[in-house]
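Here is the structure we will look at.
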Amino acid sequence: MIKMKNLVLGYKKEKILKDVNLGIKGGEFIGIIGPSGAGKSTLMMSVVGGIKVFDGKFKVLGHDMDGIKKKKLRKIREQIGIIFQGYNLVDRLSVLDNVISGMLSDIPVARAVLRYYKDKELKKAKEYMDVVDMTKYTAKRCDELSGGQRQRVAIARALAGEPKIILADEPISALDEKSAKKVMDILKRVNQTYGVTIVANLHHLDVAKEYCSRIIGINGGQVVFDGKSCELSSEIVEKIYTTQK
Amino acid sequence: MLIEDLRKQSTPFKLTNIVLASMFLMILSYSWVSTKMSFKELFDGWGYMVSYVSGNPEIEGSSYFPPVLDSADLKNYFWAMVETVQMAVVALVMSVILAVPLSYVTSRNILMILIPGKSVLHEFLRRGLYAIGTFIANVFRSVNELVWALIFVSAVGLGPMAGILALGIHTAGVLSKLLSEGNEAIDPGPVEALTNSGAGFIKILAYAVIPQTMPHFVSMVLYRFESDVRSASILGFVGAGGIGFYLFDKLRGFENGSVCTILIFIIVTVWVLDKLSAVIRRRFI
Ligand SMILES: Nc1ncnc2c1ncn2[C@@H]1O[C@H](COP(=O)(O)OP(=O)(O)O)[C@@H](O)[C@H]1O
Ligand SMILES: [Mg+2]
């Protein structure tokens, strides 16, 4: 699904990630760990074309990302769901409208503007609200929800786009332990029932170890570990989290 | 040592503050003197004001009080007041239709959604639209509605239509500026989320922008409605419809008792509309 070969990524003139070699297959649950500022978010956002490619080969869902056309990029984006640390929901809209906003590419403009949905769209929305256990609150405005509930709505919205990949940038760092566990459980369920590839930046090492089938460690813009979570020894952990200079 | 630093950092007597305050005082005093403002004259003129308001005892109806309550006149005033409000309603719809698109092209963040590219051409297009939109809004806003009314009276003749066009154009300029401030203050998060999921401009507006700007929009539009009613009530001075026709007529004829009645009509109407808009505003938070 995602292939990176000798990839160099960054902003304007600044190169942030150097010589990245990664291959990500369908159905994987990947945790990216590393100290703050290591380049985790940069790596993740490069998958939807927001980051400059300096050098190397970069393919997402079969498309070359270097110099990609806008139309093609939109096609790719439709197949990728993103979950943000700050949820990025529309506070003044209901849970239902927020979930449906994730499937807008399938709804004609006129119906989208009128918020007039067909049964099959409502059915899909209900299915995803069931997955994240929010069916009880469909009419609630999102500003009345707790952080954990909002993140679950965000997952349902990402699912509504029927993505092949879900990118989650620190999905639980703003949540308490219990809500975080619920969100991670749901991501796991999404991974298993829909076969969606999940790539998550995680602050908590133990959470990453518990949920992810594969862990990628980044430090100072370089991939310093890539393997199963059981292979993550304390030496490697130290290497990931000590600042290089 | 440390306390000294903190004192320096927190003192209100900074050079910039002193310069700003003295500049303000200079502008104020210069303007006050140039315009010959004087408390003394206001005091001395008090007596004249009282005699103007209380009228000449030899001319009937030249006093503001009591207001003249002739039933035929009251009926005329009532319907003229209704027409005034109707003018404001139509003008408001017109100005919203003009102001919303104008406010989008004069909001940098909305322009970035409309024309997202990073190339020189895209940047040029964005700047071009921004400049054109701002220019149009400035012209609409800077020309007073009375002047617009004179222009439109010459085009479409006497009557409320000229007044509606005048109010619509002027308010479109004002609203455009007010709304674009609201547009620029939205949380970019939801926009980013929808952009990433492949939604186009209109869908992003409908799901991420408009829901966020709604309370500000409602509040600004209601404020402009009230202000349009007030303006509409003097557009009759230049023959552009509404209760201003009677107001001007009675003022000119020194029939101040009737002027007072008309003013009461306007004050009560504005007061009622103010109450109504408070109710509407509360529903849109
Ligand atoms: N928009 C940006 N423009 C320029 N530099 C950025 C931008 N975003 C992040 N960076 C820089 O890229 C580096 C990696 O940031 P990031 O990917 O956010 O790290 P992480 O997510 O691991 O904390 C940091 O040094 C940061 O300052
Ligand atoms: Mg980050």
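The values are calculated or read from the model by the stated rules, or taken from the named source; none is laboratory data. Quick caveat: nothing in here was measured; it's all calculated off a predicted structure. Cβ placement follows ideal geometry from the backbone for every residue including glycine, while neighbour counts extend to all protein chains displayed. These accessible areas exclude ligands, DNA and RNA; they are computed on the full protein's heavy atoms, side chains included. Shrake-Rupley method; radii C 1.70, N 1.55, O 1.52, S 1.80 Å.
Observations
- Test: residue in the range A:107-121 that is away from ligand 2 (no atom under 16 Å from the Cβ), open to solvent by less than 70 Å² (accessible area, probe 1.4 Å), aromatic (Phe, Trp, Tyr) and outside any loop (DSSP other than H, G, I, E, B): no
- Residue match in the range B:121-138 (condition: over 22 Å from the mean Cα position of the chain (by Cα) and within 14 Å of chain A (Cβ to nearest Cβ)): yes
- Counted residues, the range B:187-207 - those being under 18 Å from residue A:104 (Cβ atoms) and either touching a Pro at 6+ places or on another chain (Cβ under 9 Å) or more than 7 Å from chain A (Cβ to nearest Cβ) (or both): 10
- Note on the range A:43-72: residues that are away from ligand 1 (no atom under 16 Å from the Cβ) and either assigned to a loop (DSSP other than H, G, I, E, B) or facing chain B (nearest Cβ under 9 Å) (or both) amount to 8.
Quick grid of which residues meet (1) free of Cβ contacts under 8 Å to residues at least 60 places away in the same chain; (2) within 16 Å of residue B:177 (Cα to Cα); (3) in contact with a Leu (Cβ under 9 Å, 6 or more places away or on another chain):
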residue: B:75; (1), (2), (3): yes, no, no
residue: B:95; (1), (2), (3): no, yes, yes
residue: B:102; (1), (2), (3): no, yes, yes
residue: B:112; (1), (2), (3): yes, no, no
residue: B:123; (1), (2), (3): yes, no, no
residue: B:130; (1), (2), (3): yes, yes, yes
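- Per-region count, the range B:240-273, residues surrounded by fewer than 18 Cβ atoms within 10 Å (Cβ to Cβ), among the hydrophobic types (A, V, I, L, M, F, W, C) and outside any helix (DSSP H, G or I): 1
- Within the range A:134-179, the residues that satisfy the criterion of being within 16 Å of ligand 1 (Cβ to nearest atom), open to solvent by less than 10 Å² (accessible area, probe 1.4 Å) and not in a loop (DSSP other than H, G, I, E, B) are A:167, A:168.
Table: residues versus (1) assigned to a helix (DSSP H, G or I); (2) in contact with a helix residue (DSSP H, G or I) (Cβ under 8 Å, 6 or more places away or on another chain).
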site: A:184; (1), (2): yes, yes
site: A:191; (1), (2): yes, no
site: A:198; (1), (2): no, yes
site: A:203; (1), (2): no, no
site: A:206; (1), (2): yes, no
site: A:209; (1), (2): yes, yes
site: A:218; (1), (2): no, yes
site: A:226; (1), (2): no, no
site: A:240; (1), (2): yes, no
